[in-house]
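The values are calculated or read from the model by the stated rules, or taken from the named source; none is laboratory data. A quick note: this is a predicted structure, and the numbers were derived from the prediction, not measured. Neighbour counts run over all protein chains shown; Cβ positions are idealised from the backbone, glycine included.
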Amino acid sequence: MQRSISFMCKSSTSLFLVLLIVVLTAVPAMFGQAYSGTVSGELTDATSAVVTGAKVILTDQEKGFSFQTISDNSGRYLFRSIPPGVYVVAVEAQSFGKTESVKFKVDVNENATANLTLKVAGATQTVEVGAQAQAGGQSPLHQ
């Protein structure tokens, strides 16, 4: 009788260890999968000089969410943890006309890129340019 109890304890312990290993390896994998993507890009002017300190607004065209950031000293901007959707990037900078990208899609775990060239503003004007979406080989959605 004692022998069967000892065997059952060893079997239970082995099963527990196997389950513990499975759980411990699965948990990081579950947390590693985010339900979001990123959007980044570089802002330049017509001479290919970088545009720093520009206000960059990312707007979800389906849900109306918007996110804001400022371009850094390299003319780059980055939006992290962006929910999937169809977006437009708008840029406002002193001495430049407002610039907007074409619509583009962001999917889960995707890194979408929208590089924009800003044009010097004469009077009040809005300039619309095409973004170079380089996300997973997908092209931007056309309006």
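Which strands (runs of 3 or more DSSP E) does region 53-121 wholly contain that include 3 or more residues that are within 14 Å of the chain's Cα centre (by Cα)?
Hits in region 53-121: 55-60, 66-70, 76-82, 85-92, 104-106, 111-113.
Residue-wise test of (1) modelled with pLDDT under 95; (2) closer than 27 Å to TYR35 by Cβ; (3) surrounded by 16 or more Cβ atoms within 10 Å (Cβ to Cβ).
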site	(1), (2), (3)
SER66	no, yes, no
ASN73	no, no, no
PRO83	no, yes, no
THR117	no, no, yes
ALA123	yes, no, no
GLN134	yes, yes, yes
HIS142	yes, yes, no
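Looking only at residues in region 42-64 that are of a type in the set (Gly, Ala, Ser) and over 18 Å from PRO84 (Cβ atoms), which one is surrounded by the most Cβ atoms within 10 Å (Cβ to Cβ)?
In this case the residue turns out to be ALA54.
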